[in-house]
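The values are calculated or read from the model by the stated rules, or taken from the named source; none is laboratory data. The structure displayed is predicted, hence computed values, not measured ones. Here Cβ is always computed from backbone atoms with ideal geometry, including for glycine, and neighbour counts include all displayed protein chains. Accessible surface areas use protein heavy atoms only, side chains included; no ligands, DNA or RNA. Shrake-Rupley method; radii C 1.70, N 1.55, O 1.52, S 1.80 Å.
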Amino acid sequence: GSDTTRTFINALRRQQPVEGFPGEQLPLSTFFYDCWAISDMDAMCSFTAEQEYAKATYSDYIKERDEEWMDFLKTYAGDQVISCLFEPKDTLSEYPCAVMSVPVKNMSQAERRLQSLLYTSPKEWGHRYYVLPRNTLLTQLTGITESALYTYVCFYRGHLLMAPDVVSLTAYIDAMENGEVLDDTALYEEGIGSLSPSYSFVMMVDMERMV
């Protein structure tokens, strides 16, 4: 509603603008992405905490985990968060892949802190993946409500990647490693050509693939 829009705009006004576009961080099959400035995490967290999915009745355990991971991001997150939906190479997959990427300050320290918050050992599938205890962090920051409240994360190229499943993380890293990204593609360059390179929020959608 209008109140939500106004609150979102007020949260964005508190942020330092992002410079440039994240095409090199988006898989080639991306059909939706957004990028938020989050230099003021307190303002952004106040906004996300007021959304309907964040106000649902969750246990004290989940609320405590939310507070832990929000504090983690406030300490170690950089100045922006990127979320994207993209098609997996497995065309039989029923759902698209979804990944959120946050630049990390002091990656080794951040990973040690994350390990100290976890109750299980990381899983090893080429990269070190962690399963976070149940929380609503990914839902709050991306709006992905299909998540089963478990979040899969890994550190990669100076970023913390978060996803609702390991398949998304693996597909995202595979695209990055193979240089299969949106940067320099004609449609992407045309889309950003008319936009200001300095912004607090940007969203691009391929409507043909969203319907």
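Listing for the model above:
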read-out: Amide H partners (placed H, <5 Å) of Val181, local residues excluded; value: Leu28
read-out: Heavy-atom SASA rank of Phe86, Phe8 (probe 1.4 Å, accessible area, largest first); value: Phe8, Phe86
read-out: Vicinal HN-Hα couplings computed from phi for segment 194-208 (Karplus, 6.51 cos²θ - 1.76 cosθ + 1.60; Hz; Gly/Pro x); value: 9, 9, 5, x, 10, 7, 9, 7, 9, 9, 10, 9, 8, 4, 5
read-out: Extended-chain gain in nm, criterion 0.36 nm per residue less alpha-carbon gap, Glu19 and Glu64; value: 12.8 nm
read-out: Accessible-area composition of the chain, carbon plus sulfur, in percent [1.4 Å probe]; value: 51 percent
read-out: Phi-based couplings in Hz for segment 168-182 (Karplus 6.51, -1.76, 1.60; Gly and Pro marked x); value: 5, 4, 4, 5, 5, 5, 4, 5, 5, 5, 9, x, 8, 10, 6
read-out: Placed amide H near Val99: partners under 5 Å, 5+ positions off or other chain; value: Cys84
read-out: When segment 56-211 is reduced to its Cα atoms, the Kirkwood hydrodynamic radius in Å; value: 16.9 Å
read-out: For Leu132, net neighbour charge (Lys/Arg +1, Asp/Glu -1) across residues whose Cβ lies under 15 Å away; value: -1
